[in-house]
Amino acid sequence: MPVIGGPLAAAILKHYEWHDTEATAYDNCSKVETLLGPQVWNAIRDKVVLDFGCGYGNEALEMASRGAREVIGLDIRENALAVGRAMQEKSGIRNCRFVQRYDARADVITSLDAFEHFEDPEGILRIMAGLLQASGKVLVSFGPTWYHPYGGHFPLFPWAHVLLTERSLMKWRSQYKTDGATRFGEVEGGLNQMTIRRFEDVIARSPFRFEHFEAVPFRRGPVAKFHNRLTREFLTSVVRCVLVPR
């Protein structure tokens with residue numbers, strides 16, 4: 001439980017300002033391969049792939065250009081899909097489409113950087129089960145998980161979201177964001193405080209089981225060598241797994 005709130009938290013937070021940092025982790029490399037591993041290209045080759053929560057479509061287009069038979073980018077945000085369609089038109093890639101609704105069954109479903117945001121992850125898994133072939137697989141990678149140093153998605157010091165109360169953090173955030181959020185789950189994109197243990201429990205109650213599970217440790221820093229079953233909540237970079245129907 002957070003231990004710092006009230007005037008002390010306010011005194012700490014007054015030294016920080018919100019800054020949106022542009023992700024550079026995937027500059028000059030493939031986000032799909034970085035998150036899912038190099039084996040992903042074999043997994044999608046000649047397959048119908050549903051990119052669940054495709055966002056602006058970069059990854060869907062990459063998979064379409066690297067061996068998938070067809071890629072469907074699925075997202076509830078029409079403005080994001082419009083960006084994907086514009087990029088597709090410019091690229092000339094034809095075996096990809098962007099939709100808000102999909103009623104068929106795919107061979108492979110991909111989910112990147114999403115399970116820490118879903119309001120109802122168990123419900124999402126049930127939806128995925130209805131969109132997947134019986135012999136299909138779901139390729140998942142997400143993070144940071146909740147106890148990662150920056151699992152709160154706040155541009156503050158490491159583990160600020162664990163040490164400072166939710167009320168203090170959201171009050172500070174309201175100076176820079178206008179969405180009116182007062183809880184983590186109300187911020188744009190949502191934040192469900194997903195831990196590794198909770199994710200395992202969610203899968204245990206779902207229509208899926210793990211074919212492969214990996215808590216990927218930090219690659220750099222002196223603490224990386226201490227990553228193990230006991231410390232993984234705090235020292236894991238991303239969760240990577242393959243789900244198959246039970």
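Brief remarks follow.
- Options Arg126, Arg209, Arg198, Arg167: the member that is in a helix (DSSP H, G or I), under 30 Å from Ala104 (Cβ atoms) and not aliphatic (A, V, I, L, M): Arg126
- Selection count, the stretch 66-108, where residues are closer than 30 Å to Gln193 by Cα, β-branched (Val, Ile, Thr) and surrounded by fewer than 21 Cβ atoms within 10 Å (Cβ to Cβ): 3
- Any chance Tyr26 is of a type in the set (Phe, Trp, Tyr), touching a Ser or Thr at 6+ places or on another chain (Cβ under 8 Å) and in a loop (DSSP other than H, G, I, E, B): yes
- Any hit, the stretch 108-122, residues being small (Gly, Ala, Ser), assigned to a loop (DSSP other than H, G, I, E, B) and within 18 Å of Gly190 (Cβ to Cβ): yes
- Positions within the stretch 153-212 being more than 18 Å from the chain's Cα centre (by Cα), of a type in the set (Asp, Glu) and under 30 Å from Val242 (Cα atoms), in sequence order: Glu211
- Restricting attention to the stretch 96-107, the residues that are more than 13 Å from Gly57 (Cα to Cα) and in a loop (DSSP other than H, G, I, E, B) add up to 5.
- Any chance Tyr56 is part of a loop (DSSP other than H, G, I, E, B), closer than 27 Å to Leu156 by Cβ and under 22 Å from the mean Cα position of the chain (by Cα): yes
- Unmet criterion (only one of (1) over 28 Å from Leu131 (Cα atoms); (2) free of Cβ contacts under 8 Å to residues at least 60 places away in the same chain; (3) aromatic (Phe, Trp, Tyr); (4) not in a loop (DSSP other than H, G, I, E, B)) for Trp172: (2)
- Ser111 meets each of the listed conditions (1) out of contact with any Cys (no Cβ under 7 Å at 6 or more places or on another chain); (2) buried (at least 21 other Cβ atoms within 10 Å of the Cβ); (3) over 17 Å from Ile76 (Cα atoms); (4) touching a residue at least 24 places away in the same chain (Cβ under 8 Å) apart from (3).
- Hey, Val162 β-branched (Val, Ile, Thr), in contact (Cβ under 8 Å) with a residue 24 or more places away in the chain and assigned to a helix (DSSP H, G or I) or not: yes
- Residue, surrounded by the fewest Cβ atoms within 10 Å (Cβ to Cβ), within the stretch 175-193, restricted to residues that are among the aliphatic types (A, V, I, L, M) and in contact (Cβ under 8 Å) with a residue 12 or more places away in the chain: Val187
- Residue list for the stretch 38-96, restricted to those being at pLDDT 95 or above and β-branched (Val, Ile, Thr): Val40, Ile44, Val48, Val49, Val71, Ile72, Val83, Ile93
The values are calculated or read from the model by the stated rules, or taken from the named source; none is laboratory data. Keep in mind that what you see is a predicted model, and the values were worked out from it rather than measured. Because the Cβ atoms are built from the backbone with ideal geometry, glycine has one as well, and the counts that use them run over all protein chains shown.
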